[in-house]
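These notes are about the structure you will find just below.
Read-outs throughout are calculated quantities, based only on the coordinates presented, and are distinct from any laboratory measurement. The structure displayed is predicted, hence computed values, not measured ones. Here the Cβ is made from the backbone with ideal geometry for all residues, glycine too, and neighbour counts use every protein chain on show.
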Amino acid sequence: MCIFCKIINNEIPSYKIYEDEYTLAFLDLSQATKGHTLIVPKKHFANIFETPCEELHHIMNSVKAVTEKLKKSLGVENVNILNNSGTLAGQTVHHLHFHVIPRYENDNCELCPSATNPSFDELKNLCDLINN
Ligand code: 5GP
Ligand code: ZN
């Protein structure tokens, strides 16, 4: 059984932030910033490719509930919402989860430091490739 399934089954402890019929949210052991929270479905799905839309709707409702709770409790007004799906995307626990990472002034938290600036032609070709 995966580590998040064990957390859901209360076989290993976690610091719970929010729970409903479909999802659980708990503090990430490693706090990228203060309040960094993970939201997981109670059913095991490895990643976004494996997860039905209906489940994603439940998860997104919980992401919203968590952001509101962090706002009320910690005064959070800026967040990154992040999902890593697949090893190459940096996924280390293969039970779908969304990170809610509060952002603060000068927090030095860099989530995606490398980016490219393709030309409009390159963007158009890419757009055509994806749509056709
Ligand atoms: P990923 O890189 O797969 O998107 O993120 C996995 C996250 O799970 C990491 O940020 C890591 O700190 C967190 N994590 C791994 N094991 C545990 C655990 O046992 N408990 C909690 N609360 N977080 C965990
Ligand atoms: Zn699992």
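Under unit Cβ charges (Lys, Arg +1; Asp, Glu -1), what dipole magnitude, rounded to 20 debye, does the chain have relative to its Cα centre? Each step should come with its number before you reach the end.
Details: 11 positive and 16 negative charges, 85 e Å.
Dipole size: approximately 400 debye.
Pairing the Cα long axis of helix 120-131 with the longest principal axis of the chain, what angle in degrees results, from 0 to 90 and rounded to the nearest 10?
60
State, to one decimal in nm, how far the label point of residue 92 lies from the label point of residue 128, with both points 7 Å from Cα in the Cβ direction.
A separation of 4.2 nm, rounded to one decimal place.
Please report, for the Cα atoms of the chain, the Rg to one decimal and the Dmax as a whole number; what are they, in angstrom?
Reported Rg and Dmax, both Å: 16.7, 53.
Show me the GluC sites (Glu not before Pro) within region 1-58 that DSSP assigns to loop and that have at most 11 other Cβ atoms within 10 Å of their Cβ. Present the calculation step by step, with values, prior to reporting the outcome.
Details: sites: 11, 19, 21, 50, 54, 55; in loops: 11, 21.
Counting only loop positions with at most 11 other Cβ atoms within 10 Å, the GluC sites (Glu not before Pro) in region 1-58 are 11, 21.
Set the Förster distance to 25 Å, then compute FRET efficiency between residue 48 and residue 117 from the Cβ-Cβ distance, nearest 0.05. Present the calculation step by step, with values, prior to reporting the outcome.
Details: r = 27 Å, r/R0 = 1.07.
Computed FRET efficiency for residue 48 and residue 117: 0.40.
Using a 7 Å offset from the Cα along the Cα-to-Cβ direction at both residue 107 and residue 68, what is the distance between the two label points in nm, to one decimal?
For the pair residue 107/residue 68, the computed spacing is 2.1 nm.
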